[in-house]
Amino acid sequence: MSKDHTPPLPSLERGKWRRRAIFAAVGAVWIVAAVAGGVAGLFQAFGSAPLGRDLEVSTIVLDRNSKLLRAYLTSQGRWRLPATREQVDPRFLDALLIYEDKRFFHHRGVDPLALMRAAYQLVTHSHIVSGGSTITMQVARLLEPRAKRSLHAKLRETVRALQLEWVLSKDEILGLYLTLAPYGGNLEGVRAASLAYFGKEPRRLTLGEVALLVALPQSPEVRRPDRSPEAARQARNRVLDRIAGHGLFSNAEIARAKEEPVPLARKAMPLLAPHAADQAMGGSPKEHVLLLTIDGALQKGLEGLARDRAQALGPDLSVAMVVVDNASGEVLARVASPDYFDERRAGQVDLTQAVRSPGSALKPFIYGLGFEDGFIHPETLIEDRPIRYGAYQPENFDLTFQGTVTVRRALQLSLNVPAVAVLDEVGPSRLIARLAEAGAPLVLPRREAPGLALGLGGVGVRLADLTMLYAGLARQGTVAPLVERLDTPTPPPKRLIEPVAAWYVANVLLGTPPPENAAGGRIAFKTGTSYGYRDAWAVGFDGKHTIGVWVGRPDGAPVTGLAGRVTAAPILFDAFARLGQPPQPLLPAPKGVLVVTTAKLPPPLQRFASRAEAGEAMAPKVHIVFPPDGASLELSAVEGEAPDPIAIKIAGGTPPLNVLLNGMPLNAKQSARTLFFEPDGPGFVRLTVTDATGAADSVMVRLQ
């Protein structure tokens with residue numbers, strides 16, 4: 001028995017022990033020799049080392065505060081997020097260096113003391129107590145994986161470590177380790193591991209999380225917490241025991257860390273603003289770090305709002321939102337669907353870019369051009385009565401009429417007849433051209449010319465474009481093109497309407513009645529509902545932000561009861577509440593604004609008369625000149641033949657004219673002023689004529 005009373009090893013064990021001892025001793029001697037003077041020759045023998053500069057990493061999309069919105073797998077299906085020393089909890093780095101490489105910042109890639117210590121421990125304990133590989137050597141192995149462990153592979157790894165230290169800084173080497181260290185499955189690097197196991201970036205970690213992330217790269221598959229939680233826990237605790245005696249962490253902290261639960265499953269990687277991320281990646285496929293203007297915290301809150309509202313509305317309805325910074329045009333949030341993976345709601349379709357009918361949401365721009373042209377003022381009186389424009393007769397949403405109202409009231413109540421009257425004066429083609437010049441082209445139905453119906457939604461527009469136009473109203477008439485990349489130049493603003501006209505519109509919309517249980521007078525907003533209840537809109541702004549909301553079915557099918565005021569407006573007000581600040585006041589009135597009552601307006605502005613109304617006033621009323629009412633006419637005819645036709649003469653009225661004989665349409669040209677009918681015989685006949693404005697005249701004639 002030996003002096004230390006250790007029982008003799010069996011012959012096989014002695015052979016294995018001798019091989020380990022020889023391997024460790026030779027390695028240690030070789031390292032000393034290499035450091036002493038053989039480095040240059042070894043560099044030449046093994047060639048240059050890979051430096052990780054062409055390393056494929058996951059493309060990451062960051063928000064305006066450099067927080068992760070979304071990451072993409074590499075072409076090999078790995079989560080490999082680039083990481084730097086500054087992105088990791090300092091306690092993790094302390095624990096990593098204590099456990100892996102205490103002299104990392106003092107050696108040049110190889111630590112002879114650590115290698116000789118490892119060899120001595122192997123000889124004296126007959127098993128590996130601690131490894132001799134430095135972090136730089138591990139990076140060399142990760143950059144150039146070896147098929148199997150051998151002395152030649154170890155020598156090559158050592159040379160590569162010396163080469164890396166020759167070319168790269170310590171922080172660059174540490175960054176490569178933090179990016180490449182394996183953590184089980186397709187996870188590489190501390191960021192991917194922290195996100196997958198803890199659901200957070202590694203900037204703020206508990207001591208138990210620190211120890212687990214230090215332990216996993218040693219045997220990533222064996223210690224995976226989602227598959228072998230007990231092995232992971234034991235490995236974590238061994239790390240805690242190792243670092244306990246170095247004075248950085250108290251015994252109480254170590255004890256609490258050992259009590260922390262080990263994660264039992266992987267968490268999903270961040271997936272905020274997925275449509276915006278996809279668009280950015282598609283536009284810059286060679287870039288690996290994409291910076292967006294989106295605010296991650298706001299985006300997360302609004303995605304949750306959209307998801308909750310969509311679920312409450314029904315399984316087929318979707319919600320989209322856009323938030324814009326008025327001053328810069330930067331998109332702060334873009335919710336293109338409630339759930340990216342919801343196939344029933346077509347979740348991967350970007351509904352902020354879909355062309356949909358805006359309903360009444362274009363009315364503010366119609367009135368804006370009217371204000372700019374100077375033929376109306378917010379306090380101008382305007383008629384809300386039945387009127388016809390040729391074959392087109394607009395009606396209000398509730399099929400009622402308000403009579404004489406101010407322009408302010410007409411816009412706040414979204415009355416259709418006054419809006420069409422102003423559009424008739426402005427001109428539909430001019431409205432389309434002006435919005436297109438501002439960067440928001442409207443899409444007309446195929447083979448259809450601009451008409452008065454576009455003021456009530458007979459046209460297509462994108463939610464992003466409509467939100468941008470409303471932000472132009474908040475900017476008093478200039479539109480800032482939307483920007484979604486922080487690293488792209490800001491385009492110059494474009495003119496929408498004059499500042500005074502824009503201020504009038506904003507001031508009117510500030511008084512729009514709010515939805516139920518919401519405070520009014522804080523947000524200038526307008527709603528819209530498309531024909532057939534297919535789209536519900538609400539777009540509003542304060543002095544700092546503009547938010548657009550769309551609700552509907554992605555396939556465009558009608559939805560009973562879908563209306564902007566009832567469905568979209570409450571979401572708009574909730575979205576403003578999630579901005580985290582009270583609504584900001586609008587910009588002050590520019591020079592030239594006239595704030596007076598109707599009675600104090602210049603006479604031409606006190607009352608607006610549409611072209612149709614003016615034409616009706618100038619044209620004489622429709623009148624049956626012959627036969628006069630109550631006349632008796634003798635029928636003249638040859639015996640045995642039908643009576644001769646009787647003439648009808650009409651004066652005044654607006655074509656087309658419709659003539660009724662005893663309530664039945666008379667087959668005649670609608671533009672004719674003189675026409676004939678063939679009487680059936682003696683008796684009374686009722687003749688009625690109506691014109692395009694709805695005016696009518698009727699006579700009763702006796703035939704004998």
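The values are calculated or read from the model by the stated rules, or taken from the named source; none is laboratory data. The shown structure was predicted, so the numbers you read here are calculated from the model rather than taken from an experiment. Reconstructed Cβ throughout: ideal geometry from the backbone, glycine too, with neighbour counts over all protein chains shown.
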Identify all residues within segment 558-582 that are touching a Lys or Arg at 6+ places or on another chain (Cβ under 7 Å) and part of a loop (DSSP other than H, G, I, E, B); write none if there are none.
-> Pro558, Val559
How many residues, within segment 463-503, are of a type in the set (Ser, Thr, Tyr), surrounded by fewer than 23 Cβ atoms within 10 Å (Cβ to Cβ) and under 23 Å from Ile366 (Cβ atoms)?
-> 1
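For segment 504-534, which positions are part of a helix (DSSP H, G or I) and either among the aromatic types (Phe, Trp, Tyr) or buried (at least 17 other Cβ atoms within 10 Å of the Cβ) (or both)?
From segment 504-534, those part of a helix (DSSP H, G or I) are 504-509; that's our starting set.
Residues satisfying the conditions are Tyr504, Val505, Ala506, Val508, Leu509.
Here is a yes/no grid of residues against (1) assigned by TED's automatic domain parsing to the domain that holds Ile387; (2) in contact with a Leu (Cβ under 8 Å, 6 or more places away or on another chain); (3) under 24 Å from Pro386 (Cβ atoms); (4) at pLDDT 80 or above:
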site	(1), (2), (3), (4)
Pro628	no, no, no, yes
Ile646	no, yes, no, yes
Gly683	no, yes, no, yes
Val689	no, yes, yes, yes
Gly694	no, no, yes, no
In segment 453-462, residue surrounded by the fewest Cβ atoms within 10 Å (Cβ to Cβ) [restricted to those that are within 23 Å of Thr546 (Cβ to Cβ) and out of contact with any helix residue (DSSP H, G or I) (no Cβ under 7 Å at 6 or more places or on another chain)] | Gly460
Please determine, by comparing only the residues of segment 167-189 that are closer than 16 Å to Asp226 by Cα and in contact (Cβ under 8 Å) with a residue 60 or more places away in the chain, which one is surrounded by the fewest Cβ atoms within 10 Å (Cβ to Cβ).
-> Asn186
So the helices (runs of 4 or more DSSP H) completely within segment 339-449 holding 3 or more residues that are touching a Cys at 6+ places or on another chain (Cβ under 6 Å) and more than 23 Å from Gly460 (Cα to Cα) are none
Determine if segment 259-281 includes at least one residue that is in a helix (DSSP H, G or I) and more than 30 Å from the chain's Cα centre (by Cα).
-> yes
Can you confirm whether segment 601-613 contains a residue that is touching a residue at least 24 places away in the same chain (Cβ under 8 Å), touching a strand residue (DSSP E or B) at 6+ places or on another chain (Cβ under 7 Å) and closer than 21 Å to Glu303 by Cα?
-> no
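Yes or no, residue by residue, for (1) in contact (Cβ under 8 Å) with a residue 12 or more places away in the chain; (2) in the same structural domain as Pro338 (by TED's automatic domain parsing); (3) of a type in the set (Lys, Arg); (4) within 22 Å of Asn65 (Cα to Cα):
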site: Lys200; (1), (2), (3), (4): no, no, yes, yes
site: Ala255; (1), (2), (3), (4): no, no, no, no
site: Lys258; (1), (2), (3), (4): yes, no, yes, no
site: Leu272; (1), (2), (3), (4): yes, no, no, yes
Could you tell me which of the residues Glu343, Glu330 is surrounded by 17 or more Cβ atoms within 10 Å (Cβ to Cβ) and of a type in the set (Asp, Glu)?
-> Glu330
If you scan segment 445-457, which residues turn out to be farther than 11 Å from Pro428 by Cα and not charged (D, E, K, R)?
-> Pro445, Leu456, Gly457
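Test Arg223 against the stated conditions and say whether it is basic (Lys, Arg), assigned to a loop (DSSP other than H, G, I, E, B) and surrounded by fewer than 16 Cβ atoms within 10 Å (Cβ to Cβ).
Working: basic (Lys, Arg): yes; assigned to a loop (DSSP other than H, G, I, E, B): yes; surrounded by fewer than 16 Cβ atoms within 10 Å (Cβ to Cβ): no.
In short, no.
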Which members of segment 188-206 meet the condition of being within 15 Å of Pro270 (Cβ to Cβ) and either of a type in the set (S, T, N, Q) or part of a helix (DSSP H, G or I) (or both)?
-> Arg191, Ala192, Ala193, Ser194, Leu195, Ala196, Tyr197, Phe198
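Quick check on my filter: what residues within segment 243-280 are surrounded by 17 or more Cβ atoms within 10 Å (Cβ to Cβ) and either hydrophobic (A, V, I, L, M, F, W, C) or closer than 19 Å to Pro90 by Cβ (or both)? Walk me through how you get there before you give the answer.
Here is the first cut: in segment 243-280, the ones surrounded by 17 or more Cβ atoms within 10 Å (Cβ to Cβ) are 243-244, 249, 254, 257, 262-263, 266, 269-270, 272-280.
Across segment 243-280, the qualifying residues are Ile243, Ala244, Phe249, Ile254, Ala257, Val262, Met269, Leu272, Ala273, Ala276, Ala277, Ala280.
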The condition from (1) more than 26 Å from Ser360 (Cα to Cα); (2) out of contact with any Asp or Glu (no Cβ under 7 Å at 6 or more places or on another chain); (3) assigned by TED's automatic domain parsing to the domain that holds Ala361 that Tyr533 misses is numbered (1)
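Going by what's in this entry, would Pro450 be described as assigned by TED's automatic domain parsing to the domain that holds Leu587, closer than 29 Å to Met321 by Cα and surrounded by fewer than 16 Cβ atoms within 10 Å (Cβ to Cβ)?
On the way: assigned by TED's automatic domain parsing to the domain that holds Leu587: yes; closer than 29 Å to Met321 by Cα: yes; surrounded by fewer than 16 Cβ atoms within 10 Å (Cβ to Cβ): no.
It is false that Pro450 is assigned by TED's automatic domain parsing to the domain that holds Leu587, closer than 29 Å to Met321 by Cα and surrounded by fewer than 16 Cβ atoms within 10 Å (Cβ to Cβ).
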Give just the number: which of (1) part of a loop (DSSP other than H, G, I, E, B); (2) modelled with pLDDT under 75 does Ala612 not satisfy?
-> (1)
Can you tell which of Thr560, Thr512 is among the β-branched types (Val, Ile, Thr) and touching a Gly at 6+ places or on another chain (Cβ under 8 Å)?
-> Thr512
Hey, Leu657 modelled with pLDDT of 80 or more and not aromatic (Phe, Trp, Tyr) or not = yes
Does segment 283-297 contain at least one residue that is modelled with pLDDT under 95, part of a helix (DSSP H, G or I) and not assigned by TED's automatic domain parsing to the domain that holds Leu482?
-> yes
